[in-house]
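The structure under discussion appears below in the form of structure tokens.
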Amino acid sequence: MLNWSVEESKNEFRKQIMKIEDEQLRNVCLTMMGDTDDKEFVVPDYFWVVPASSSGKYHPECDLGDGGLVRHSIMVCTVGCDFVTNEMFIRDNSVNRDITRVACLFHDCLKSGLVDENGNYSEHTVFEHPILARDFVRKALTKANIDELKIEMICGAIYTHMGKWCVSRDGKTNMSKPRTDFERLVHNADYVASRKYISGLAEWETE
């Protein structure tokens, strides 16, 4: 099982952000991960340390252990960018590659929910985390004056990334299934990256 320190998690995540070609979009992503002086919209500290799955049931081994949620997010980004470059869902161009990276990297940024005034957060996945992540990312992108169409595409994909699993067991929380080709791309990237047979990226291998 892999275990990353906070520094390792941030370094690997930052590498993905630096691949975003649009400077304005790249900078707001650096802000969301806490790399700038603007601390209004920064992902929770837990994002860098928690596993992608608290039970281990729904994710491969590489997503477990410290930093597992970051590794999962990077894997989703990797799969999503493969989908773009193969033009399976949307045309391959720099804009689509950029918004794919943002949506995939931040789709689970509030997976354990909001942090309360005492620094506490859920030990398990919060079902409505797509709503929380969508709203967080939307506020950050809006403040940075990102183009509205890009905001709608990124936030729509984050909101619908759970696909058909969009209704809570008690029926009280009801989100949407993917409606556009881009939303289906992000959902499918998340789905593929979560399969048990995934072993991780070559650079994560340890002796």
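Restricting the first residue to region 1-20 and requiring it to be farther than 29 Å from VAL95 by Cα, which pairs with a second residue that is of a type in the set (Ser, Thr, Tyr) meet a Cβ separation below 9 Å and a spacing of at least six or different chains?
That search, which allows pairs on different chains as well, returns LEU2/THR206.
Being in a loop (DSSP other than H, G, I, E, B), in contact (Cβ under 8 Å) with a residue 24 or more places away in the chain and open to solvent by 30 Å² or more (accessible area, probe 1.4 Å) is the filter; apply it to region 65-111 and report the residue that is nearest to SER194 (Cα to Cα).
ASP66
Criterion first (under 20 Å from ILE74 (Cα atoms), part of a helix (DSSP H, G or I) and open to solvent by 70 Å² or more (accessible area, probe 1.4 Å)) does TYR191 satisfy it?
Considered against the rule, which asks whether it is under 20 Å from ILE74 (Cα atoms), part of a helix (DSSP H, G or I) and open to solvent by 70 Å² or more (accessible area, probe 1.4 Å), TYR191 comes out as yes.
For residues that are in contact (Cβ under 8 Å) with a residue 40 or more places away in the chain and not in a loop (DSSP other than H, G, I, E, B), scanning just region 137-150, find the one that is surrounded by the most Cβ atoms within 10 Å (Cβ to Cβ).
VAL137
Can you tell which of GLU12, GLU21 is touching a Ser or Thr at 6+ places or on another chain (Cβ under 7 Å), modelled with pLDDT of 95 or more and acidic (Asp, Glu)?
Sole residue among the options that is touching a Ser or Thr at 6+ places or on another chain (Cβ under 7 Å), modelled with pLDDT of 95 or more and acidic (Asp, Glu): GLU21.
Quick one: how many residues across region 167-182 are in contact with a helix residue (DSSP H, G or I) (Cβ under 9 Å, 6 or more places away or on another chain) and either in contact (Cβ under 8 Å) with a residue 40 or more places away in the chain or at positive phi (or both)?
Number of matching residues: 3.
Taking ASP38 as meeting all but one of (1) in contact (Cβ under 8 Å) with a residue 12 or more places away in the chain; (2) among the acidic types (Asp, Glu); (3) over 20 Å from LYS196 (Cβ atoms); (4) in contact with a helix residue (DSSP H, G or I) (Cβ under 8 Å, 6 or more places away or on another chain), write down the number of the exception.
The one condition ASP38 does not meet is (1).
Can you give me the number of residues within region 151-174 that are crowded, with 19+ Cβ neighbours inside 10 Å and not β-branched (Val, Ile, Thr)?
Number of matching residues: 7.
Would you check if there is a residue in region 116-135 being of a type in the set (Phe, Trp, Tyr), free of Cβ contacts under 8 Å to residues at least 60 places away in the same chain and loosely packed, with under 14 Cβ neighbours inside 10 Å?
No: zero hits.
The values are calculated or read from the model by the stated rules, or taken from the named source; none is laboratory data. For clarity, every value in this text was computed on a predicted model and none was experimentally measured. Methodologically, a virtual Cβ is constructed for each residue, glycine included, from the backbone with ideal geometry; neighbour enumeration extends over all protein chains shown. Only protein heavy atoms, including side chains, enter the accessible area calculation; ligands, DNA and RNA are left aside. Shrake-Rupley method; radii C 1.70, N 1.55, O 1.52, S 1.80 Å.
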